[in-house]
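The values are calculated or read from the model by the stated rules, or taken from the named source; none is laboratory data. Remember, predicted model here, so these are calculated numbers, not experimental data. Here Cβ is always computed from backbone atoms with ideal geometry, including for glycine, and neighbour counts include all displayed protein chains.
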Amino acid sequence: MRLIHKFLLVYLIISLVAFGIGGMVTYYIFSKEIERETNFELLHKVRYLKDMMEKGVSYKILMQDKIHIDQIPSSKTIKDSTVFSDTLAYHRYSKAVIIQRKIDAYRNIQDTTYHFSIYETVIEPEDTKNSATRSMVILFLVLVAFSLVLSFFISKWLLSAFHVSLIEMKKFSIQSSKPIQLPVSSTYEFKNLNKFINQMTTKAINDYKNLKEFGENLSHEISTPLAVANGKLDLLLQETNLPENQISLVITAQKAIQKLSKIQRAISLLTKIENAEFANVKPLDISGVINKMVKEFIELAELKEIKVTTDIEADILINMDSTLAEILFSNLLQNAVKHNIPNGTIRIELNQKRFSIANTGIKPVESPEKYFFRFKKNNQSSESLGLGLSIVKKICDISGFDINYNFQQEAKEHKISIQFQKL
Amino acid sequence: MKILIIEDNNELRENMESYLTQEGFLCELAESKSAAMDKLTSFLYDIILLDIMLPDGSGMDILSHIKSRGIKSGVLIISGKDSMDDKIQGLDYGADDYITKPFFLPELNARIKSIYRRKKFDGDNLIRFEEITINPETREAKVNMHLLEFTRKEYELLVYFIANKNRILTKQAIAEHLWGDFADSLDSHDFVYQHIKNLRKKITNAGGADYLSTIYGMGYKFSTEQ
């Protein structure tokens with residue numbers, strides 16, 4: 001539900017209550033006013049009749065429909081008094097008993113007391129009520145109609161600043177290093193929102209920049225001491241007459257340095273991929289890339305007596321960054337060779353829809369998809385880094401590919417498929 | 001061969017100097033951009049080892065200075081950053097090769113020799129070791145006059161061994177040389193063993209002497225001494 005519709009709904013509910021109360025108040029005021037006017041009219045009539053009688057007109061002549069005058073026997077003396085009341089009386093023209101306003105007045109005229117009893121038809125309360133209700137309903141409907149039309153324009157005009165902010169936010173990229181700059185809105189809330197968006201994006205960009213610089217600096221700062229240590233060990237190794245156990249110590253130390261360096265490079269690569277630093281996306285002949293990689297690894301595979309079969313369609317063009325493509329396919333091929341068994345096989349297939357690589361190997365301990373997580377290895381004590389498939393996964397994510405990994409029990413085959421177009 | 005080592009880290013500079021001096025190269029050192037500029041105006045070098053990040057400026061500035069003055073030295077960039085951009089930029093600016101820290105000193109040595117060979121336009125370009133002759137242009141190796149049928153990796157391996165003759169080369173250093181970034185799995189060491197076995201077989205089958213000795217199963221040495 002749109003914001004404006006919610007506003008409108010709440011507004012109309014409140015209006016409905018207000019109109020209800022308004023109707024009752026109107027009815028009450030109208031009734032009072034009618035009663036007052038009728039009373040005034042009746043009093044006026046009594047005064048007129050009294051005047052006529054004081055001028056000597058007989059009260060009998062003055063009597064007519066709705067006017068009744070009695071002479072009170074002189075034995076009793078009654079003071080002038082006036083009493084109003086509502087009464088049911090027969091109405092001659094409507095031929096029905098309806099509510100009428102009645103005045104009972106006692107007046108002393110020339111030492112004689114007369115009782116005036118006059119009826120006046122009034123507007124019926126039912127009619128007043130109906131009229132009040134009807135006018136309130138009509139007013140309410142008019143209000144609804146106006147609100148609907150108005151809301152359409154108001155949402156366009158009032159929320160335009162908000163929509164502008166929304167569009168700008170959608171366009172925002174943390175790598176662009178440009179904070180969102182929004183036009184100043186005259187609305188307090190939007191002004192606040194835009195200010196916040198601006199501050200937040202500026203901060204996000206700064207944090208991102210710092211993190212990136214930190215990563216780059218760390219990479220550089222670590223690599224130099226590693227190079228120093230590795231070099232010292234190289235020199236030590238060249239010392240003549242170094243006993244076997246010491247050579248072994250040196251080589252083990254160098255292995256550790258190499259591993260540290262590989263981890264640092266792999267993580268730095270992952271960060272770079274995450275930061276979308278490889279964004280040179282264009283149609284790439286991946287048939288060529290894969291054929292090149294196969295050539296690179298075929299010698300290794302043959303050394304391990306692994307049979308490689310390929311079914312690579314020529315000239316397959318896929319939108320992706322060329323550096324990422326090389327990293328992706330070399331990682332997959334490397335894995336297929338590395339985790340293979342002697343006399344095993346590797347099958348590589350490529351067509352416009354998908355790429356798949358299947359290799360024989362030992363049964364994985366856990367669900368194969370788990371190897372997409374960082375540092376997840378089949379054998380935790382193994383020398384491999386456990387970052388290869390994380391990199392593969394990241395590259396697929398960033399290139400918009402679907403990747404899945406499964407193990408076929410009977411064939412003892414690991415199979416990784418990459419779907420180029422998302423299904 | 002005269003080499004200028006431009007590197008701000010003392011220890012790393014000494015490592016390189018020590019290893020390269022043993023190779024019989026003449027090394028001079030510069031720890032900053034200004035020191036390097038001074039040396040470059042007064043002396044000529046065959047090879048310049050260039051660190052990109054220096055305390056008083058960028059190695060790229062030195063590189064453009066070298067190129068603008070038409071100095072004919074070979075330039076090998078030594079960078080702490082494993083960054084594609086730096087690599088591409090360095091090579092675009094006219095550097096001959098690029099090596100990322102940390103590296104093996106034998107690798108540095110092999111790269112320097114390779115640049116030196118490529119730069120030496122005058123005269124003989126062949127690599128010779130006893131009865132073995134290698135032609136880097138045609139990528140052919142011969143024992144006496146007998147042509148060896150090498151795979152690409154075997155060829156690279158032989159060149160690497162000869163560049164670092166009489167030195168212990170560990171399996172790791174060899175794997176790193178042959179496969180670079182792909183050498184991350186340490187079972188590539190088995191591949192090293194296989195390659196070396198094949199290399200040795202091919203040389204001896206062609207009538208060459210066996211110059212390869214195994215160092216306690218951890219490394220290899222290519223030398224005439226036994």
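Could you list, in sequence order, all residues of region B:5-16 that are in contact with an Asp or Glu (Cβ under 9 Å, 6 or more places away or on another chain) and buried (at least 16 other Cβ atoms within 10 Å of the Cβ)?
Selection gives B:Ile5, B:Ile6, B:Glu7, B:Asp8, B:Asn9, B:Leu12, B:Arg13, B:Asn15, B:Met16.
Looking at region A:302-325, which of the residues that are in a helix (DSSP H, G or I) and within 10 Å of another protein chain (Cβ to nearest Cβ) is farthest from A:Pro364 (Cα to Cα)?
A:Thr323
Please give the strands (runs of 3 or more DSSP E) falling wholly within region B:6-123 in which 3 or more residues are farther than 28 Å from A:Leu324 by Cα.
Output list reads B:26-30, B:47-51.
Each row is one residue, and each column tells you yes or no for (1) in contact (Cβ under 8 Å) with a residue 24 or more places away in the chain; (2) in contact with a Leu (Cβ under 6 Å, 6 or more places away or on another chain); (3) basic (Lys, Arg).
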site: B:Met16; (1), (2), (3): yes, no, no
site: B:Glu23; (1), (2), (3): yes, no, no
site: B:Ser42; (1), (2), (3): no, no, no
site: B:Leu50; (1), (2), (3): yes, no, no
site: B:Ile88; (1), (2), (3): no, no, no
site: B:Leu91; (1), (2), (3): no, no, no
site: B:Asp97; (1), (2), (3): no, yes, no
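Give me the pairs, please: first residue somewhere in region A:126-140 and touching a residue at least 40 places away in the same chain (Cβ under 8 Å), second residue anywhere and exposed (fewer than 15 other Cβ atoms within 10 Å of the Cβ) and of a type in the set (Gly, Ala, Ser), beta-carbon distance under 8 Å, and either six or more positions apart or on two chains.
Final answer for the pair search is A:Met136/A:Gly20.
Could you check region A:316-334 and list, in sequence order, the residues that are closer than 19 Å to A:Asn406 by Cα and without any contact (Cβ under 8 Å) to a residue 60 or more places away in the chain?
A:Phe329, A:Leu333, A:Gln334
Considering only region A:83-116, state which residues are polar (S, T, N, Q) and under 18 Å from A:Leu42 (Cβ atoms).
Across region A:83-116, the qualifying residues are A:Ser85, A:Thr87, A:Gln100.
Restricting the first residue to region A:227-251 and requiring it to be more than 22 Å from A:Lys262 (Cα to Cα), which pairs with a second residue that is part of a loop (DSSP other than H, G, I, E, B) meet a Cβ separation below 7 Å and a spacing of at least six or different chains?
Hits for this filter: A:Gln238/B:Arg167; A:Glu244/B:Tyr216; A:Ile247/B:Tyr216; A:Ile247/B:Met218.
For A:Ala256, indicate whether it is more than 8 Å from chain B (Cβ to nearest Cβ) and out of contact with any strand residue (DSSP E or B) (no Cβ under 9 Å at 6 or more places or on another chain).
Against the criterion (more than 8 Å from chain B (Cβ to nearest Cβ) and out of contact with any strand residue (DSSP E or B) (no Cβ under 9 Å at 6 or more places or on another chain)), A:Ala256 qualifies.
Would you point out the residue of region A:273-287, among those that are assigned to a helix (DSSP H, G or I) and crowded, with 16+ Cβ neighbours inside 10 Å, that is modelled with the lowest pLDDT?
Out of the qualifying residues, it is A:Ile273.
Of all residues in region A:224-238 being touching a Phe, Trp or Tyr at 6+ places or on another chain (Cβ under 7 Å) and aliphatic (A, V, I, L, M), which is farthest from the other protein chains (Cβ to nearest Cβ)?
Across region A:224-238, the extreme among qualifying residues is A:Leu235.
For the list (1) of a type in the set (Phe, Trp, Tyr); (2) under 27 Å from A:Leu242 (Cβ atoms); (3) at pLDDT 90 or above, I need the number of the one condition that B:Tyr116 fails.
Of (1) of a type in the set (Phe, Trp, Tyr); (2) under 27 Å from A:Leu242 (Cβ atoms); (3) at pLDDT 90 or above, only one is false for B:Tyr116: (2).
Taking only region A:36-63 into account, find how many residues are modelled with pLDDT under 90 and either acidic (Asp, Glu) or closer than 28 Å to A:Asp127 by Cα (or both).
1
Evaluate region A:374-382: report whether one residue or more is more than 23 Å from A:Val308 (Cα to Cα) and modelled with pLDDT of 80 or more.
no
Condition check ((1) assigned to a helix (DSSP H, G or I); (2) more than 60 Å from the chain's Cα centre (by Cα)) across all residues:
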position	(1), (2)
A:Arg36	yes, no
A:Glu41	yes, yes
A:Arg47	yes, yes
A:Met52	yes, yes
A:Gly56	no, yes
A:Thr77	no, yes
A:Thr82	no, yes
A:Leu88	no, yes
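Consider only pairs whose beta carbons are under 8 Å apart and that are at least six residues apart or on different chains; among these, list those whose first residue lies in region B:136-160 and is more than 17 Å from B:Thr204 (Cβ to Cβ) and modelled with pLDDT under 90 and whose second residue is assigned to a loop (DSSP other than H, G, I, E, B) and of a type in the set (S, T, N, Q).
These pairs meet every condition: B:Pro136/B:Asn125; B:Glu137/B:Asn125.
So is A:Ile72 farther than 30 Å from A:Arg134 by Cβ, surrounded by 14 or more Cβ atoms within 10 Å (Cβ to Cβ) and of a type in the set (A, V, I, L, M, F, W, C) or not?
In short, yes.
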